[in-house]
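Participant: My questions all concern the structure below.
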Amino acid sequence: MSYYTRHVFICCNQREEGEQCCNATGGADAFAYAKDRIGALKKNGPGAIRINKAGCLGRCENGPTLVIYPEETWYSFIDKEDIEEIIQEHLLNGRVVERLRI
Ligand code: FES
């Protein structure tokens, strides 16, 4: 059995001004929001969900990006509403959010 049921990596990579990176388009905000929400829902920790900051995940052209394991599902998102949908659908109910999938 996995240590975490789902492990989320959110790219928070910051590059020099003007260079494309996920942090310039909301990576850190998404990380803070997801971590707070999973904590508030008491779904964080061993046997549950882990939200991690990540450096560049190598899919910058689709950014901001995140990936969820063990499903290896990649998402791009725009705002907190998108992150909330990923939380509610994928993390809590195991349903892939196709409209945000990359
Ligand atoms: S900067 Fe986020 S995937 Fe590369």
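Participant: In the chain, which Cys residues have no partner Cys with a Cβ closer than 4.7 Å?
Facilitator: Lacking a cysteine Cβ partner under 4.7 Å: CYS12, CYS21, CYS56, CYS60.
Participant: Can you list, largest first and rounded to whole Å, the semi-axes you get for the chain by taking the square root of 5 times each eigenvalue of its Cα gyration tensor?
Facilitator: 22, 13, 13
Participant: Counting Lys and Arg as +1 and Asp and Glu as -1, what is the net charge of the other residues whose Cβ lies under 15 Å from the Cβ of LYS35?
Facilitator: Net charge in that neighbourhood comes out at +4.
Participant: Under 5 Å between amide hydrogens, which residues at least 5 positions from TYR4 or on another chain qualify, with H placed 1.01 Å from N in the peptide plane?
Facilitator: Correct list: GLY47.
Participant: Tell me the Kirkwood hydrodynamic radius of the stretch 1-51 in angstroms, computed as one over the mean inverse distance between distinct C-alpha pairs.
Facilitator: 12.0
Participant: Using alpha-carbon positions, what is the distance between the centroids of the stretch 79-102 and the stretch 1-15, in Å?
Facilitator: For the stretch 79-102 versus the stretch 1-15, the Cα centre distance is 14 Å.
Participant: Then there is this: Work out, step by step, the length gained on full extension between ARG95 and GLU71: first 0.36 nm times the residue separation, then minus their alpha carbon distance; give nm to one decimal. Could you put the intermediate results ahead of the total?
Facilitator: On the way: separation 24, 0.36 × 24 = 8.64 nm, distance 1.06 nm.
Difference between extended and current length: 7.6 nm.
Participant: Mind giving me the nanometre distance, one decimal, between the label points for ALA32 and GLU85, set 7 Å out from Cα along Cα→Cβ?
Facilitator: The modelled label-to-label distance comes out at 2.3 nm.
None of the figures in this text is laboratory data; all of them are computed from the coordinates on show. Quick caveat, the model's predicted, so the values are computed rather than measured. FYI the Cβ positions are ideal-geometry reconstructions off the backbone, even for glycines, and counts take in every protein chain you see.
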